[in-house]
Every structure is written in C-alpha cells, then in structure tokens.
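Chemist: The structure is given below, and queries will be raised subsequently.
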Amino acid sequence: MKQMIVHCTQHITRMALLENGRLVEYAAERDQQQGLVGSYYKGRVMNVLPGMQAAFVDIGQKKNAFLYVDDVLHPHLEKQPQVKPSIDTLLQPGQEIIVQVRKEPRGGKGARVTTHYTLPGRWMVYMPFAEYVGVSKKISRESERNRLKSIGERLRRREEGLIMRTVSEDEQADAVEGDLSFLRAQWEMIVRRAEEAAAPALLHSDLSIVQRFIRDAFNPQRDELMIDSPKAVREAEAFLADMAPDGYKPVGLYRGQESIFTAYGVQEQLLKSFSRKIILEGGGTLIWDETEALTVIDVNTAQYTGGSTLEETVTQTNLLAAEEIGRLIRLRDTGGIIIVDFIDMELDEHRRQVLERLERVICNDRTKTHILGWTHLGLLEMTRKKARHDAASFAPVICQCCGGTGKVGAWLE
C-alpha cells in the first residue's frame, strides 16, 4: 500500500511517498517558487548560434532559456539519417515561439526548453504534433498493449500523438477518451493565450507538487493521502473529484500535536537517507558523493560479516547495497552520470545477480534510468534523466569553511 504524506507550512509544501512504510520519494516546493518543468511560455528568440546549433530564448526568467536544434525539428525528422539544417535557417532573432520547459535552470544555466510539446494526463500523455501512438513499456501483456494502441489510433487526430501511460492498463475506453478531450482543450487554451499575449509570457503552469504526485503515482481508490492543512485537503479533494469521478478514498486531515512527518516516521528516514554515509542492514555502508554532473557511490562491507566465505559476504553486501541504491536514487532524485563502486566479486554469476537486483528496484522509478553495465575497472555505470531540482533541497546547508568535506587547510594557519 502507498501512503502520500503532505506537510504544509506557511511557505513550503513537502511531500513524502511511502510504500509499505518505507520512504521512496520526497519533494519540496516553495509556494512562490513552483517548478518550471512542464510549463509553457511565449518566448522571444534573442540569440541564434549556428556554431552551437542552439538558440537562447527570453521567457521572462533571470536567465534566457536554451533551445537546441533537435528540440526545434519535427520529432521524427531528428531520427532520420540526414544532415540537420543549421539552426539559423529555422529561427531568427526577434522571432516569437511557444516553448515548453523540459529542464529546470541550474547554477548559472537557464532552463532547457523544447517545441516538442507534451501534456500529461491521468491515462495518457498528449502530444499535439507527434503523429504516433505509443504504449508504456511497463505494460507487458501484448493483448492489452494492442487494445490500448487501437483505442489511441481510433481517438487521435491526424497530427496528434498519444502515449498510453502505465496506469491506463485495463482502463475503460470512455475514461481514456475523456482524458484526451480534457488535454485537447488545455492545448487549445495555450494556443489562444499565445495569440493574445506579448512575449515573454507564461501561458500555462504545470500542476502543483501535490497534484502532480496524485496524478502520476497515486491510486485514488486504494492509496492513503494524509495532509496537515485543511486548505490543502480541500484542494486535493477538488482535484481528485475531477480526476476520479467514480470515487476515491477520503483524504485524511492530520490533527496531531507533533509534526506529521515525525508521526509517520518520515523525518527519521529523511535524516538517514540524505546523509553522506548510509548504513545498510547488517552493517555495510554506502558513501555518497555528488558533483554537478556526476554522482559516485562507494560500497563497503564495514561491519557486515554475514557470509560463511569472503565471496559470500561481499556478494550479500553488494545485493543489499543494490537494493538500497535503487531506492535512494529515486528518493534523492539523483540525475546525470552515476558510478557505483561495488566491492570486487570474483564470479560473473554474482555480478549478474547484483545487476538484476538493481534493475528490479529501478523499474519502479518513473524517471528514465539507463544502466550501461560494468566497466573494465569493475565499476557500474548508469545515467538518470534530470529535469527538476534535487530532492536534496531538504539537505543541511554546506559548511562554508570546508565545503562539506570535513577538511580545512590547516597549513594556512
């Protein structure tokens, strides 16, 4: 069973998702700083750089957004074996275009935007100009995949594209059609606003953090939703009434004296999960180090002595580590390149078991993750798509003296 726990303060909303009591996702959002990913803007092209095959677009933020040539070309055109046109033949300075944010601004970089528009609904993702129907790879039954694809082909108009989401499995065609009608109306509203607004202008914002998680990871009839704010409860119930007109499990209002995160064990799990050193069941440890583009995770046996031989001890530690790493990557919303230094194993069979354990846990992650395999040095390489800010906004402030390393230049004293 899933539990969605929402803690609201005056300026910040924090959300935790528990599966059988274990924390698997966490996010926080300031009331006045809702994330940009998924939002639509009418922007003005400021600079076109043929040497980079990119353009910078003013969308009204502090930094101009970055638009790469692949995000301007038709979704199918970029996959064809042909020379891409120069971006200055596609865009001109001063030109006004509709763009959608696909990646948050980070550091000194502006947002990454695209013209490959998508609108996620409850049962599908709507793409106004993609011209195909796809079905989630997590739906394994071929008969159900064919049924959903047939529904999509029947409903879509010529230029439209649809991706049937995992939750659409076994869903009635009428519900899918209603979702499509809602998304079409949303897109038409975006187009109308673009015709009327002067660039730069916000045309459409993505849902709030609570609404996104209800839409993407919540079963209204089965899962539990507990919130500590009466206002947020009313907003969640209104959203559920539209999303699940056939009924939903009542939203709970938490009235306890202690923090809702403390009462449900979320705070304790957060403290352990966002540490640099994570202690595994049995005594093994993970050391978690992050840079802007690379995360390195080191696995150690530490005090774990569970096996009868060294190889068995090492393998059991690595299996426990793979399970925890899969959960923490999703929880911490780690993105970019990820390198895992598992303890060296002698047998290929044991390396295969560790890889399969990690893949099994990662398949529950809604963010696209690609495991590349073992390097010649015995390291495991993987990548994970990065769109929003880290969930580590919860993490403590880095020490200005040592930068989080625990070391200072004593030789300077």
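The values are calculated or read from the model by the stated rules, or taken from the named source; none is laboratory data. Please read these numbers as outputs of a predicted model, since none were measured by experiment. Counting neighbours? That spans all protein chains shown, and the Cβs are built from the backbone with ideal geometry, glycine included. Just so you know, the surface numbers come from the protein's heavy atoms only, side chains and all, with ligands and any DNA or RNA stripped out. Shrake-Rupley method; radii C 1.70, N 1.55, O 1.52, S 1.80 Å.
Chemist: Please go through segment 116-139 and give me each residue that is closer than 23 Å to Gly35 by Cβ and in contact with a strand residue (DSSP E or B) (Cβ under 6 Å, 6 or more places away or on another chain), ordered by number.
Modeler: Tyr117, Thr118, Leu119, Met124, Val125, Tyr126, Met127
Chemist: Then there's this: Taking only segment 48-77 into account, find how many residues are without any contact (Cβ under 8 Å) to a residue 40 or more places away in the chain and within 23 Å of Tyr126 (Cα to Cα). Break it down stepwise before answering.
Modeler: To start, the set of residues in segment 48-77 that are without any contact (Cβ under 8 Å) to a residue 40 or more places away in the chain comprises 49-55, 69-70, 73, 77.
Among the residues that remain, those that are also within 23 Å of Tyr126 (Cα to Cα) are: 69-70, 73, 77.
Count: 4.
Chemist: Could you list all residues from segment 108-138 that are β-branched (Val, Ile, Thr) and either out of contact with any Leu (no Cβ under 6 Å at 6 or more places or on another chain) or free of Cβ contacts under 8 Å to residues at least 60 places away in the same chain (or both)?
Modeler: Scanning segment 108-138 gives Thr114, Thr115, Thr118, Val125, Val133, Val135.
Chemist: Keeping to segment 305-337, report how many residues are outside any loop (DSSP other than H, G, I, E, B) and touching a residue at least 12 places away in the same chain (Cβ under 8 Å).
Modeler: Going through segment 305-337 one residue at a time, the tally reaches 23.
Chemist: I need every pair where a residue in segment 142-163 that is on the phi < 0 side of the Ramachandran plot has its Cβ under 7 Å from the Cβ of a residue that is of a type in the set (Gly, Ala, Ser) and in a helix (DSSP H, G or I), sequence separation at least 6 or different chains.
Modeler: Leu148/Ser168; Ile151/Ala173; Leu162/Gly152
Chemist: Report the residue count in segment 281-302 for those that are modelled with pLDDT of 90 or more and open to solvent by less than 40 Å² (accessible area, probe 1.4 Å).
Modeler: Total meeting the criteria: 7.
Chemist: Mind checking whether some residue in segment 316-330 is over 29 Å from Ser229 (Cα atoms), over 27 Å from the mean Cα position of the chain (by Cα) and surrounded by fewer than 20 Cβ atoms within 10 Å (Cβ to Cβ)?
Modeler: yes
Chemist: In this structure, does Leu203 turn out to be within 30 Å of Arg44 (Cα to Cα) and among the hydrophobic types (A, V, I, L, M, F, W, C)?
Modeler: Numbers: within 30 Å of Arg44 (Cα to Cα): yes; among the hydrophobic types (A, V, I, L, M, F, W, C): yes.
Against the criterion (within 30 Å of Arg44 (Cα to Cα) and among the hydrophobic types (A, V, I, L, M, F, W, C)), Leu203 qualifies.
Chemist: Residues of segment 139-177 being among the acidic types (Asp, Glu), within 21 Å of Asn219 (Cβ to Cβ) and assigned to a loop (DSSP other than H, G, I, E, B), which ones?
Modeler: Scanning segment 139-177 gives Glu169, Asp170, Glu171.
Chemist: If you don't mind, there's one more thing I want to ask. If you scan segment 1-14, which residues turn out to be over 17 Å from Arg330 (Cβ atoms) and open to solvent by less than 10 Å² (accessible area, probe 1.4 Å)?
Modeler: Once the filter is applied, which keeps residues that are over 17 Å from Arg330 (Cβ atoms) and open to solvent by less than 10 Å² (accessible area, probe 1.4 Å), segment 1-14 yields only Val6.
Chemist: Yes or no: Leu202 at pLDDT 90 or above, within 19 Å of Glu29 (Cβ to Cβ) and in contact with a Phe, Trp or Tyr (Cβ under 8 Å, 6 or more places away or on another chain)?
Modeler: Yes: the conditions hold for Leu202.
Chemist: Moving on to the next point. Please tell me if Thr383 is open to solvent by 40 Å² or more (accessible area, probe 1.4 Å), touching a residue at least 40 places away in the same chain (Cβ under 8 Å) and of a type in the set (Val, Ile, Thr).
Modeler: Judged against the criteria, Thr383 is a match.
Chemist: I would also like to ask the following. For segment 283-295, enumerate the residues that are touching a residue at least 24 places away in the same chain (Cβ under 8 Å) and farther than 24 Å from Asp348 by Cβ.
Modeler: Answer for segment 283-295, where residues must be touching a residue at least 24 places away in the same chain (Cβ under 8 Å) and farther than 24 Å from Asp348 by Cβ: Trp288, Glu290, Glu292, Ala293, Leu294, Thr295.
Chemist: Restricted to segment 15-34, and to residues that are open to solvent by 60 Å² or more (accessible area, probe 1.4 Å) and not basic (Lys, Arg), which residue is modelled with the highest pLDDT? Please lay out each step first, then the result.
Modeler: Residues of segment 15-34 that are open to solvent by 60 Å² or more (accessible area, probe 1.4 Å), as a first pass: 20, 22, 30-34.
The next check asks that each one be not basic (Lys, Arg); those that pass are 20, 31-34.
Numbers: Asn20: 90, Asp31: 67, Gln32: 57, Gln33: 57, Gln34: 62.
Checked segment 15-34; the qualifying residue modelled with the highest pLDDT is Asn20.
Chemist: Name the pairs: first residue in segment 6-22 and in contact (Cβ under 8 Å) with a residue 60 or more places away in the chain, second residue open to solvent by less than 50 Å² (accessible area, probe 1.4 Å) and of a type in the set (S, T, N, Q), Cβ to Cβ under 6 Å, at least 6 apart or on different chains?
Modeler: Cys8/Ser229; Leu18/Gln3
Chemist: Tally the residues that are open to solvent by less than 40 Å² (accessible area, probe 1.4 Å) and touching a Gly at 6+ places or on another chain (Cβ under 9 Å), restricting the search to segment 87-121.
Modeler: Looking only at that region, the number is 8.
Chemist: Something else now. Of all residues in segment 338-365, how many are in a loop (DSSP other than H, G, I, E, B) and either closer than 22 Å to Ala28 by Cα or within 16 Å of the chain's Cα centre (by Cα) (or both)?
Modeler: Adding up the residues that qualify gives 3.
Chemist: So in segment 350-370, with the set limited to residues that are of a type in the set (Asp, Glu) and within 27 Å of Lys103 (Cα to Cα), which one is most open to solvent (accessible area, probe 1.4 Å)? Walk me through how you get there before you give the answer.
Modeler: First, the residues of segment 350-370 that are of a type in the set (Asp, Glu): 356, 359, 365.
Imposing the further condition that a residue be within 27 Å of Lys103 (Cα to Cα) reduces the set to 359, 365.
Working: Glu359: 88, Asp365: 15 Å².
Per the criteria, the residue is Glu359.
Chemist: Only one of Pro245, Pro250, Pro230 is exposed (fewer than 13 other Cβ atoms within 10 Å of the Cβ) and modelled with pLDDT under 85; which? I'd like the intermediate steps shown before the answer.
Modeler: Working: Pro250 fails: modelled with pLDDT under 85; Pro230 fails: modelled with pLDDT under 85.
Sole residue among the options that is exposed (fewer than 13 other Cβ atoms within 10 Å of the Cβ) and modelled with pLDDT under 85: Pro245.
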